[in-house]
């Protein structure tokens, strides 16, 4: 546990120093990558560990975003660190609360039914946030800029996103090594057998669901702060749900670094390489999904692993 | 050894010289450029509108570069360079790409489309102290943040449909009862609420109102209300798609009214074609029409702009191109007055004070940056004979309003 | 009272549209246990095909319907055979789903590039005919489409029960191994099933194009509507699709009239959610199938 943690810390420090040498555009791209990676990893906690594929995780992004925006009075006056913590904190709490509320009925469903049910939850919440004026979803809510004076805005959010991503990775690593993780793997392999063997599947699933929701909500808050003005459409987006899944799949569902790698690769592809190929970027994303599913089902990590194994074999048999 | 290096070096030099020699030279490439930056939706939900707006910008630039030989500012000639990238109708993508342009030193910005896309970008250009003149975001939220560098080519949403209400006051005999329908979004809702308040102010009777979601497949509730309450006029502040749905269902179900007004919709030829003879008499607002009788500092008249546009573009000419062109005309007028191309403070001040006549109409902004409600208010147009004709205000009128419109059941 | 009746009638007609759109989806879900996220693009694709037939070629959409269905069949079955089957073979349970999602993205993008995202509608000469039954006003086009939809659903039902291919499909759905042991080419059957589902999706698109304005971006909505109808009415059964559609349609119009138009979609999605939690196999579905 210690070695990976040290490596992680080293990587984080390196990434944290990058904004000092990169231009603001690249800092923003990095920020996008951290947000996407964090979201994909948060989804993975439920989808990768337990194989409960949620197609509606954008609901937590939206809930987190609106929780942060609407709880403005709680944090608007105060030091920027307090603002950030309270904003993200209220997002995490509200997302966790909503998750806790729906967890038991929703997690009774298996397979495809769970998938559609989460989609339904996302759709219902999106419509509710628009339809009921108290949420201000249709008219939109503004969030004040909480970056400390003197610091460049994009750097502030870059570091905030990096910090939150680090927290998410550590939580994922802890889960993977704890009983919770092993229990979730058991659920993934064969839930009925796990139940019969005495694994407290319901409790474990609900825990994973709540953790996943809270983390997703936190990233939702950062997403909202970064945009500065949110409407229902900008945070309750089906595209965001699907991106989380695509990133995890493209990177590789076998490791917690899969979602991160997938998110970085896809963001680089769509925001940098394809930034000028505009008309077709949806089609290209679609083709990438199809190609990855057919040709590289274990994701990029799987491809690299296979390549290394082939090299080793070739080395032994010249 | 030394011979091959010399040979290689000379080959390199020849290659470089050759590359420079064959580098394409287009139009007024030799002139330095004034760059206008920003993002536009070329794909996604707003793609069609994005393409129209972009066509408006590029047509003006083309005219200035090719026909006028560049814009003269402070004694030097410059070409106009419209450098817009695709934001795919995604606010997050928009702000990431805008950052690149801010980094690259672009100092003058044009806007994207829809309030949720424009507002986050306005925050960024405001922080960077660079002006943005845009024709895509009219929500009140944009103009109530205290921003100084953002300018909009029409009045804010809550005021933007006032001309529609005012056009009702000159109808004879005066209509009595109204039903107001609006889409629940940051633009149409304030528009709708503003319209209802103004109708009441002017002494009209609003007998019912409906708030619709953006995605809707059926409006039978509205039809039922029209049948039961028999209003004289139905006013819709709705998205293109909802407008089409409402018009179709009303016609199909013969929900007769004396006038149907839809803020968005009839401006596009496909709307009018789809409804055929049932489109006749539907009115809408238009921030601009090619028939406007204005004089313009670049093209001479609105007419000449419309002609030049038709000769050089395939995207159909609707009001978006006029509004977009107005942005460029505003910028060029201020640049000429200021005499410098990179003094963003002076340019901002120039925009804040501007008061000129252009192909778009009078350009004059309120202190908050949106269009002056009287001088930059929209015109009201009506479908007559398959075309749109301006029916209000009197100064721009092309034809008399068809009032009352022929009932659906009699077509 | 007449308001209530009119609302219910509107709801039944609207529900008919939803049923037609869901029938193909129901077949694919019922037989192959695959959620076809590309369903919406077949629907919208059918609408655009009808648009081309009507506006460019001058052919009435109803006449072009069989051709468009055939096109949908070919596209669907080939896609299933050459893209989905390799994906499913990889073992990832979510693979088929994702591949249909990828396909949907590609098609939506192409449609947007070819047709732009302008709002379109098809208005053949009879598009604005209106029927009156006393106080009730009935849109003739919706009535005709409802009728055609009923015929199509009945035809599908008959096909599944009586024809040889229908029996083979049902056998493969019950037990793939058993069917293969009896000599059935299961891969061919799956491709054919997907093809039939897509054909019906495209057909529904032609009808929808005549009734409602559409854009490429709508495809997600139609996929979701298909979910809702199938979840409500029952998977795999055409009668279930009919029932589910009509119930949803009436729920939608009742909400619009008595609660507020703004809540329409929310109520529809809420019904989906509640059905999933309470009775995921739908009203007419069987519990055994659902537990697979």
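The values are calculated or read from the model by the stated rules, or taken from the named source; none is laboratory data. All figures in this text were calculated on a predicted structure; none of them were measured in a lab. Ideal geometry is used to build each Cβ from the backbone, glycine not excepted, and the neighbour counts take in all protein chains shown.
Some notes on this structure:
- Residue within region C:61-68 that is under 22 Å from residue C:216 (Cα atoms), more than 14 Å from chain A (Cβ to nearest Cβ) and modelled with pLDDT under 90 present: yes
- Test: residue in region B:302-313 that is part of a loop (DSSP other than H, G, I, E, B), touching a strand residue (DSSP E or B) at 6+ places or on another chain (Cβ under 7 Å) and either closer than 24 Å to residue B:72 by Cβ or modelled with pLDDT under 95 (or both): no
- Residues within region C:83-101 that are more than 7 Å from chain A (Cβ to nearest Cβ) and within 23 Å of residue C:203 (Cα to Cα), tallied: 3
- Residue match in region B:190-198 (condition: touching a strand residue (DSSP E or B) at 6+ places or on another chain (Cβ under 8 Å), surrounded by fewer than 21 Cβ atoms within 10 Å (Cβ to Cβ), farther than 26 Å from residue B:345 by Cβ and in contact (Cβ under 8 Å) with a residue 12 or more places away in the chain): yes
- Subset of region C:102-136 (residues that are under 19 Å from residue C:56 (Cβ atoms) and more than 7 Å from every other protein chain (Cβ to nearest Cβ)): C:111, C:114, C:115, C:122, C:124, C:125, C:127
- Among helices (runs of 4 or more DSSP H) entirely within region A:216-275, having at least 3 residues that are at pLDDT below 90 and within 30 Å of residue B:189 (Cβ to Cβ) singles out A:238-251.
- Qualifying residue in region B:176-183 (condition: away from chain C (no Cβ under 11 Å), more than 29 Å from the chain's Cα centre (by Cα), surrounded by fewer than 24 Cβ atoms within 10 Å (Cβ to Cβ) and not in a helix (DSSP H, G or I)): yes
- Complete set of residues in region C:89-143 that are in contact (Cβ under 8 Å) with a residue 40 or more places away in the chain, part of a helix (DSSP H, G or I) and within 25 Å of residue B:226 (Cα to Cα): C:141, C:142, C:143
- Annotation: of all residues in region A:278-318 being exposed (fewer than 13 other Cβ atoms within 10 Å of the Cβ) and modelled with pLDDT under 80, the one that is farthest from the other protein chains (Cβ to nearest Cβ) is A:318.
- Listed by position, the helices (runs of 4 or more DSSP H) contained in region C:203-285 that have at least 1 residues being surrounded by fewer than 23 Cβ atoms within 10 Å (Cβ to Cβ), away from chain A (no Cβ under 13 Å) and touching a helix residue (DSSP H, G or I) at 6+ places or on another chain (Cβ under 6 Å) are C:238-254.
- Subset of region A:5-17 [touching a helix residue (DSSP H, G or I) at 6+ places or on another chain (Cβ under 7 Å) and modelled with pLDDT under 90]: A:8
- Boolean, residue B:154 is surrounded by 20 or more Cβ atoms within 10 Å (Cβ to Cβ), modelled with pLDDT of 90 or more, touching a strand residue (DSSP E or B) at 6+ places or on another chain (Cβ under 7 Å) and closer than 30 Å to residue B:45 by Cβ: no
- Any hit, region A:232-255, residues being in contact with a strand residue (DSSP E or B) (Cβ under 7 Å, 6 or more places away or on another chain) and on the phi > 0 side of the Ramachandran plot: no
- Of the criteria (1) within 14 Å of chain C (Cβ to nearest Cβ); (2) over 30 Å from residue C:136 (Cα atoms); (3) touching a strand residue (DSSP E or B) at 6+ places or on another chain (Cβ under 9 Å), which one residue B:268 fails: (3)
- Which numbered condition residue A:100 fails, given (1) within 13 Å of another protein chain (Cβ to nearest Cβ); (2) closer than 24 Å to residue C:267 by Cα: (1)
- Test: residue in region B:280-291 that is in contact with a strand residue (DSSP E or B) (Cβ under 8 Å, 6 or more places away or on another chain), surrounded by fewer than 24 Cβ atoms within 10 Å (Cβ to Cβ), touching a residue at least 24 places away in the same chain (Cβ under 8 Å) and within 12 Å of chain C (Cβ to nearest Cβ): no
- The lone criterion from (1) within 9 Å of chain C (Cβ to nearest Cβ); (2) at pLDDT below 90; (3) under 20 Å from residue A:68 (Cβ atoms) left unmet by residue A:128 is number (2).
- Counting only residues that are out of contact with any strand residue (DSSP E or B) (no Cβ under 9 Å at 6 or more places or on another chain) and assigned to a helix (DSSP H, G or I), region B:133-151 holds 1 of them.
- Residue within region B:206-216 that is in contact (Cβ under 8 Å) with a residue 24 or more places away in the chain and more than 12 Å from chain C (Cβ to nearest Cβ) present: yes
- Criterion violated by residue A:59 - all others in (1) more than 14 Å from every other protein chain (Cβ to nearest Cβ); (2) within 15 Å of the chain's Cα centre (by Cα) satisfied: (1)
- Condition check for residue A:88: out of contact with any strand residue (DSSP E or B) (no Cβ under 8 Å at 6 or more places or on another chain), within 14 Å of chain C (Cβ to nearest Cβ), in a helix (DSSP H, G or I) and more than 14 Å from residue C:275 (Cα to Cα): no
- Output for region B:117-144, where each listed residue is closer than 24 Å to residue A:28 by Cα and surrounded by fewer than 24 Cβ atoms within 10 Å (Cβ to Cβ): B:120, B:123, B:124, B:126, B:127, B:128, B:129, B:130
- Among the residues making up region A:103-125, those that are touching a helix residue (DSSP H, G or I) at 6+ places or on another chain (Cβ under 7 Å), crowded, with 21+ Cβ neighbours inside 10 Å and within 8 Å of chain C (Cβ to nearest Cβ) are A:106, A:116, A:117, A:120, A:121, A:123, A:124.
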